[in-house]
1. With the structure loaded, tell me whether Gly96 is out of contact with any strand residue (DSSP E or B) (no Cβ under 9 Å at 6 or more places or on another chain), surrounded by 24 or more Cβ atoms within 10 Å (Cβ to Cβ), closer than 27 Å to Leu144 by Cβ and of a type in the set (Gly, Ala, Ser) or whether it fails that test.
2. I'm checking my understanding of the structure. Among residues of the range 65-87 that are touching a residue at least 12 places away in the same chain (Cβ under 8 Å) and among the polar types (S, T, N, Q), which one is surrounded by the fewest Cβ atoms within 10 Å (Cβ to Cβ)?
3. Hey, Gly122 hits all of (1) within 17 Å of Leu87 (Cα to Cα); (2) without any contact (Cβ under 8 Å) to a residue 12 or more places away in the chain but one; which does it fall short on?
4. Would you point out the residue of the range 110-135, among those that are over 19 Å from Ser192 (Cβ atoms) and of a type in the set (S, T, N, Q), that is modelled with the highest pLDDT?
5. Identify, from the list Pro158, Pro90, the residue that is under 29 Å from Arg54 (Cβ atoms) and in contact (Cβ under 8 Å) with a residue 12 or more places away in the chain.
6. State yes or no: is Phe140 aromatic (Phe, Trp, Tyr) and either modelled with pLDDT of 95 or more or more than 22 Å from Leu98 (Cβ to Cβ) (or both)?
7. Kindly list, by first and then second residue, each pair from a residue in the range 44-55 that is more than 14 Å from Ile214 (Cα to Cα) to a residue that is not charged (D, E, K, R), limited to pairs with Cβ atoms under 6 Å and residues at least 6 apart or on different chains.
8. Looking at the range 183-191, is at least one residue of a type in the set (A, V, I, L, M, F, W, C), assigned to a loop (DSSP other than H, G, I, E, B) and under 23 Å from Pro29 (Cα atoms)?
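The values are calculated or read from the model by the stated rules, or taken from the named source; none is laboratory data. This is a predicted model, so every value here is computed, not measured. For neighbour counting, all protein chains shown are included, and Cβ atoms are generated from backbone atoms with ideal geometry for every residue, glycine included.
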Amino acid sequence: MLRLPAALRFPRRALAALTLALVAGCTTPDSPLPPGQVFDPYEVGNRKTHAFNRKLDKALLKPASEGYAGAIPVDIRTAIGRFAENLSMPQAIVNGVLQGNMKGATEDTYRFLVNTTVGLGGFFDPATEMGMPSGTGTDFGETLDVWGVPQGAYLELPVLGPSTERAATGRIVDLFTDPLGYALPTPERYYSTGISVLDGIGKRGRYAETINSILYESADSYAASRSVYLQNRGFRLGRSTEEDYVDPYDMQFSDP
């Protein structure tokens with residue numbers, strides 16, 4: 001049976017208190033919203049943050065992703081993406097356990113072990129070649145959803161982009177529930193952060209057409225990015241039967 005790492009069991013009371021405090025801040029509508037309407041009581045502030053993020057993307061992220069794509073061969077970019085995904089697996093395993101999804105957590109554990117050893121840290125993906133299920137990619141925001149915590153209001157976060165109160169809470173808690181954050185010494189921890197940032201820049205280049213269309217060609221880029229995010233998040237949480245959505249904001253810039 002899978003158990004939480006000792007490093008995570010130690011601060012469990014502090015983590016529980018933090019989670020309760022953050023979740024308590026999730027707002028809910030005074031009355032049920034009409035179908036299709038978004039709960040966005042912070043729209044004025046969100047739009048200001050969106051304008052900042054748009055300027056940041058135009059000045060930094062967009063040119064950085066274009067330069068990265070032009071300078072780094074596809075095979076190397078793919079290997080970096082695999083390595084970054086493998087780094088996120090321990091966190092997904094913890095959240096699988098917290099969600100009671102022992103099957104998914106076990107599959108993620110086997111996949112992580114195979115790709116970390118045979119796959120040289122995750123730069124290669126022998127687990128897929130062996131027919132093992134792909135990783136769940138779950139996070140604490142999804143864990144809160146499983147626990148019945150309401151989504152809360154829509155938020156646009158600086159740099160990180162579209163979110164909700166529940167998802168933002170999940171991002172914060174994930175910083176404390178990542179086993180690698182406790183297991184790796186300081187220099188290596190920074191290396192893993194750098195790899196995650198590189199992977200985020202690579203994803204910005206990979207989804208450049210979609211992101212550019214949303215940010216620079218939409219009549220209302222704020223409304224468009226909000227709609228794409230919420231549809232994609234709904235699909236991941238099993239709230240939609242539509243085809244899979246591309247989430248151009250899932251760039252993993254947060255500290256692993």
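1. yes
2. Ser65
3. Tallying (1) within 17 Å of Leu87 (Cα to Cα); (2) without any contact (Cβ under 8 Å) to a residue 12 or more places away in the chain, Gly122 fails exactly one: (2).
4. Thr128
5. Exactly one of Pro158, Pro90 is under 29 Å from Arg54 (Cβ atoms) and in contact (Cβ under 8 Å) with a residue 12 or more places away in the chain, namely Pro158.
6. no
7. Hits for this filter: Arg47/Tyr222; Thr49/Pro158.
8. no
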